[in-house]
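See structure below.
The values are calculated or read from the model by the stated rules, or taken from the named source; none is laboratory data. Just so you know, these numbers come straight off a predicted model, no measurement behind them. Quick reminder, even Gly has a Cβ in these numbers, built from the backbone with ideal geometry, and neighbours come from all protein chains shown.
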């Protein structure tokens, strides 16, 4: 079976700064994986490499067996860590925009979710609160029938109820054949919806393991284990 | 169902225990159709694969069975349900005894304490 997302000997330097060093990972279809690490550990760099927004200094990234490019962008649904959508657009315009760009966009699904949110279709992104904006962006990203969802800090900076909404939207909408990568440092919030975790620190992958294996082996939650491993 | 989880045990085993409790207590009666994995996962706020794993375990123990296209059901075999109930009761008793022994009580003391407690309740 071809891995949905694979890195082989992947390194990335920014000048003399080594952001990623010899990363080797493989993520199978149907898995929900947490990319967990402290600030500045290389999470966003890894996700940007997977998107083809950065190019590797060494090694390679494979999405369903191909290097990032036009084909991979058609099957990868990406939620950046910053707002990337045009702020002057309202929800209707955003849906048009996504429909034009992505063949796999399921407009009906997006409409249903927006309706449940009770949002005014004509309200512009600019006029929305941060939490609402995050929800709308996530709805767009999760309304694609992608093979790989790359979600960079989907729950950063929103209240706990909004976090629940976002996590529920993720587990309700991802295709069972698709893989999901969620980068975050809010581990206790995401732990229950993950199959596996990747611990990353100073650009190196320290651990790839299943959540229940960690709990079984160490008798503690991933959150507690993370605190122990990354103790300052 | 109460979907809170402890930190020191795998999530799927806790799901198995919670669903099992619902079955042996009759909250999920014999023959009852279960919600889909995805719906239950969403309700419990867990990964659908984890919920799936819990159901596989319950199927292995014979407490639930799946019918190809109809979904999943609670077993109608009362013997299997009663057996699971007895096993859970044994487990609770073992935990209780351990805690009582930590307090310094031994077998007979514990039994008389339980009896005494009941008599006090009646008064």
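What the table shows:
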item: The range A:1-23: number of residues that are touching a residue at least 60 places away in the same chain (Cβ under 8 Å), part of a loop (DSSP other than H, G, I, E, B) and out of contact with any strand residue (DSSP E or B) (no Cβ under 6 Å at 6 or more places or on another chain); result: 1
item: Some residue of the range A:6-14 being under 16 Å from the mean Cα position of the chain (by Cα), within 14 Å of chain B (Cβ to nearest Cβ) and either modelled with pLDDT under 95 or buried (at least 19 other Cβ atoms within 10 Å of the Cβ) (or both); result: no
item: Matching strands (runs of 3 or more DSSP E) fully within the range A:24-93 where at least 1 residues are out of contact with any helix residue (DSSP H, G or I) (no Cβ under 7 Å at 6 or more places or on another chain) and surrounded by fewer than 18 Cβ atoms within 10 Å (Cβ to Cβ); result: A:58-63
item: Selected residue [at pLDDT below 90 and under 30 Å from residue A:6 (Cβ atoms)] from A:140, A:85; result: A:85
item: Hits in the range A:94-108 (condition: crowded, with 16+ Cβ neighbours inside 10 Å and not in a loop (DSSP other than H, G, I, E, B)); result: A:94, A:95, A:98, A:105
item: For residue A:33: the one exception among (1) within 13 Å of the chain's Cα centre (by Cα); (2) at pLDDT below 95; result: (2)
item: Subset tally (residues that are in a loop (DSSP other than H, G, I, E, B) and either without any contact (Cβ under 8 Å) to a residue 40 or more places away in the chain or at the interface with chain B (Cβ under 10 Å from one of its Cβ atoms) (or both)) for the range A:190-205; result: 2
item: In the range A:158-189, residue nearest to the other protein chains (Cβ to nearest Cβ) [restricted to those that are part of a loop (DSSP other than H, G, I, E, B) and more than 21 Å from residue A:226 (Cβ to Cβ)]; result: A:176
item: Candidate set: the range A:213-232, residues that are surrounded by 21 or more Cβ atoms within 10 Å (Cβ to Cβ) and under 21 Å from the mean Cα position of the chain (by Cα); chosen: the one nearest to the other protein chains (Cβ to nearest Cβ); result: A:222
